[in-house]
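Visitor: One structure follows; several queries about it will come next.
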Ligand code: DGL
């Protein structure tokens with residue numbers, strides 16, 4: 001590329017965050033708390049969610065399309081706020097540009113390695129995330145001698161979207177899924193789906209006080225803070241702008257979005273793909 005076409009990053013550019021739907025708003029919520037001066041562009045593919053049961057090829061092509069949308073709007077950092085996308089398409093997204101990319105799997109794995117006392121880690125997520133083995137690989141890259149027990153929990157995403165965050169049915173479903181993982185004597189559990197931070201109190205009760213829960217939304221926000229500071233790209237002052245792009249406005253969308261974001265969910269624009 002000719003030199004005159006290369007535009008330098010500056011700190012006022014927004015952070016781009018994307019997910020298969022509204023789940024990534026838990027990452028936006030953590031970013032707003034930790035980096036209150038940063039502007040954020042969020043993309044949620046609400047017309048094509050869920051990704052957690054789709055093929056690798058389909059998830060990759062949808063994810064690349066979203067990432068390119070955000071790159072075209074000159075984001076200074078891309079955050080893959082979806083474990084399913086991070087599991088199967090992180091390399092394809094990193095190859096799109098020189099813009100730094102963070103993702104919830106790398107963040108969750110390194111937080112779990114720091115949190116574990118006995119080296120016994122459980123991972124829960126969607127079918128695609130768990131089948132990919134991406135968490136095991138990320139964990140073993142950091143520390144080879146770990147014991148890892150993984151469990152897909154496909155019913156938890158619809159229960160969260162139903163708002164049944166403390167419901168007895170959800171507790172029973174979580175207990176059923178977690179039983180084989182807990183039986184392995186884990187001391188740390190990675191919440192490997194961006195919907196699960198909303199279930200943290202319930203999962204904490206099921207897992208018991210001896211199991212540390214790792215919320216990758218919180219961890220990726222801390223990593224973003226560090227990365228932007230290291231590159232001189234952090235933006236602390238000024239009034240941040242938040243823009244939300246989605247591919248559809250489904251039923252109960254605003255109420256569900258507000259639950260994930262923890263604040264009014266407005267300025268939403270529809271991108272009709
Ligand atoms: N947000 C997705 C994740 O973190 C779960 C929802 C989906 O299946 O698309 O894996």
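Visitor: Tell me, please, whether a residue that is surrounded by 14 or more Cβ atoms within 10 Å (Cβ to Cβ) and either farther than 20 Å from residue 132 by Cα or within 12 Å of the ligand (Cβ to nearest atom) (or both) can be found in the stretch 1-8. Walk me through it before giving the result.
Guide: Initial filter on the stretch 1-8 (surrounded by 14 or more Cβ atoms within 10 Å (Cβ to Cβ)): none.
Checking the stretch 1-8: not a single residue is surrounded by 14 or more Cβ atoms within 10 Å (Cβ to Cβ) and either farther than 20 Å from residue 132 by Cα or within 12 Å of the ligand (Cβ to nearest atom) (or both).
Visitor: Can you pull out the residues in the stretch 33-82 that are closer than 18 Å to residue 223 by Cβ, within 17 Å of the chain's Cα centre (by Cα), more than 10 Å from the ligand (Cβ to nearest atom) and not in a helix (DSSP H, G or I)?
Guide: 35, 40, 42, 77, 78, 79, listed by residue number.
Visitor: Next up: Collect the residues in the stretch 224-260 that are closer than 29 Å to residue 159 by Cα and surrounded by fewer than 19 Cβ atoms within 10 Å (Cβ to Cβ), keeping them in residue-number order. Walk me through how you get there before you give the answer.
Guide: Kept after step one, since they are closer than 29 Å to residue 159 by Cα, are these residues of the stretch 224-260: 242-260.
Once the filter is applied, which keeps residues that are closer than 29 Å to residue 159 by Cα and surrounded by fewer than 19 Cβ atoms within 10 Å (Cβ to Cβ), the stretch 224-260 yields 242, 243, 248, 249, 250, 251, 252, 253, 254, 255, 258, 259.
Visitor: Give just the number: which of (1) surrounded by fewer than 20 Cβ atoms within 10 Å (Cβ to Cβ); (2) within 11 Å of the ligand (Cβ to nearest atom) does residue 125 not satisfy?
Guide: (1)
Visitor: Follow-up question, since we're still on this one. Could you grab the pairs with beta carbons closer than 6 Å, sequence gap of 6+ or different chains, first residue in the stretch 42-69 and closer than 10 Å to residue 89 by Cβ and at pLDDT 95 or above, second one away from the ligand (no atom under 14 Å from the Cβ) and assigned to a helix (DSSP H, G or I)?
Guide: Pairs that qualify, where the first residue is closer than 10 Å to residue 89 by Cβ and at pLDDT 95 or above and the partner is away from the ligand (no atom under 14 Å from the Cβ) and assigned to a helix (DSSP H, G or I), are 60/92; 64/92; 67/93.
Visitor: Does residue 92 satisfy the condition of being on the phi < 0 side of the Ramachandran plot, surrounded by fewer than 18 Cβ atoms within 10 Å (Cβ to Cβ), in a helix (DSSP H, G or I) and more than 16 Å from the ligand (Cβ to nearest atom)? Explain how you work it out, then say what you get.
Guide: Working: on the phi < 0 side of the Ramachandran plot: yes; surrounded by fewer than 18 Cβ atoms within 10 Å (Cβ to Cβ): yes; in a helix (DSSP H, G or I): yes; more than 16 Å from the ligand (Cβ to nearest atom): yes.
Yes; evaluated as a whole, the condition is true for this residue.
Visitor: Right, something else. Would it be correct to say that residue 113 is away from the ligand (no atom under 14 Å from the Cβ) and in contact (Cβ under 8 Å) with a residue 24 or more places away in the chain? If you could, list the steps in order and put the result at the bottom.
Guide: On the way: away from the ligand (no atom under 14 Å from the Cβ): yes; in contact (Cβ under 8 Å) with a residue 24 or more places away in the chain: yes.
Yes.
Visitor: Follow-up question, since we're still on this one. Would you check if residue 97 is part of a loop (DSSP other than H, G, I, E, B) and under 30 Å from residue 234 (Cα atoms)?
Guide: Details: part of a loop (DSSP other than H, G, I, E, B): yes; under 30 Å from residue 234 (Cα atoms): yes.
The answer is yes for residue 97.
Yes/no per residue for (1) over 14 Å from the mean Cα position of the chain (by Cα); (2) within 23 Å of residue 22 (Cα to Cα); (3) within 16 Å of the ligand (Cβ to nearest atom); (4) touching a residue at least 12 places away in the same chain (Cβ under 8 Å):
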| site | (1), (2), (3), (4) |
| --- | --- |
| 102 | no, yes, yes, yes |
| 117 | yes, no, no, yes |
| 129 | no, yes, yes, yes |
| 140 | yes, no, no, no |
| 153 | yes, yes, yes, yes |
| 157 | no, yes, yes, yes |
| 162 | yes, yes, yes, no |
| 166 | yes, yes, no, yes |
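Visitor: Taking the condition at positive phi, surrounded by fewer than 18 Cβ atoms within 10 Å (Cβ to Cβ) and either within 16 Å of the ligand (Cβ to nearest atom) or under 16 Å from the mean Cα position of the chain (by Cα) (or both), does residue 133 pass? If you could, list the steps in order and put the result at the bottom.
Guide: Numbers: at positive phi: yes; surrounded by fewer than 18 Cβ atoms within 10 Å (Cβ to Cβ): yes; either within 16 Å of the ligand (Cβ to nearest atom) or under 16 Å from the mean Cα position of the chain (by Cα) (or both): yes.
Judged against the criteria, residue 133 is a match.
Visitor: Tally the residues that are near the ligand (Cβ under 9 Å from one of its atoms) and touching a helix residue (DSSP H, G or I) at 6+ places or on another chain (Cβ under 8 Å), restricting the search to the stretch 9-23. Break it down into steps so the answer makes sense when it comes.
Guide: We begin by selecting, within the stretch 9-23, every residue near the ligand (Cβ under 9 Å from one of its atoms); these are 19-23.
With touching a helix residue (DSSP H, G or I) at 6+ places or on another chain (Cβ under 8 Å) added as a condition, the list becomes 19-20, 22-23.
Number satisfying all stated conditions: 4.
Visitor: Residues to consider are 194, 116; find the one that is farther than 19 Å from residue 259 by Cα, in contact with a strand residue (DSSP E or B) (Cβ under 8 Å, 6 or more places away or on another chain) and either buried (at least 17 other Cβ atoms within 10 Å of the Cβ) or modelled with pLDDT of 95 or more (or both). Please lay out each step first, then the result.
Guide: Values: 194 fails: farther than 19 Å from residue 259 by Cα.
From the options 194, 116, the qualifying one is 116.
The values are calculated or read from the model by the stated rules, or taken from the named source; none is laboratory data. Keep in mind the model is a prediction, meaning the values are calculated, not measured. Because the Cβ atoms are built from the backbone with ideal geometry, glycine has one as well, and the counts that use them run over all protein chains shown.
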